[in-house]
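These notes are about the structure you will find just below.
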């Protein structure tokens, strides 16, 4: 996640650094031990956007029937 309008060069540096960190054996082992490896499987901007949209749709489907608001 980053602010809207983030320069593409900065976005690329962040994505590359994040991907490099995820390739580190100790980071990978920690994520797998916590069950979070699946969460960051596709950490590209498009992949994260898709995941967030999918999760929001699921929350709305489950929250709306219970009359729970996000306010």
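The values are calculated or read from the model by the stated rules, or taken from the named source; none is laboratory data. All values derive from a computational prediction rather than experimental measurement. In this analysis, Cβ positions are derived from the backbone assuming ideal geometry, glycine residues included, and neighbour counts consider all displayed protein chains.
Can you give me the number of residues within the stretch 1-22 that are more than 16 Å from the chain's Cα centre (by Cα), in a helix (DSSP H, G or I) and either surrounded by fewer than 11 Cβ atoms within 10 Å (Cβ to Cβ) or touching a residue at least 60 places away in the same chain (Cβ under 8 Å) (or both)? Talk me through it step by step, then tell me what you get.
Of the residues in the stretch 1-22, the ones more than 16 Å from the chain's Cα centre (by Cα) are 5-10, 13.
Keeping just the survivors that are in a helix (DSSP H, G or I) gives 8-10, 13.
Checking which are either surrounded by fewer than 11 Cβ atoms within 10 Å (Cβ to Cβ) or touching a residue at least 60 places away in the same chain (Cβ under 8 Å) (or both) leaves us with 8-9.
Of the residues in the stretch 1-22, 2 are more than 16 Å from the chain's Cα centre (by Cα), in a helix (DSSP H, G or I) and either surrounded by fewer than 11 Cβ atoms within 10 Å (Cβ to Cβ) or touching a residue at least 60 places away in the same chain (Cβ under 8 Å) (or both).
Taking the options 26, 34, 16, name whichever one is under 16 Å from residue 2 (Cα atoms) and at pLDDT 80 or above. Let's see the steps before the verdict.
On the way: 26 fails: under 16 Å from residue 2 (Cα atoms); 34 fails: under 16 Å from residue 2 (Cα atoms).
One residue alone meets the criteria, 16.
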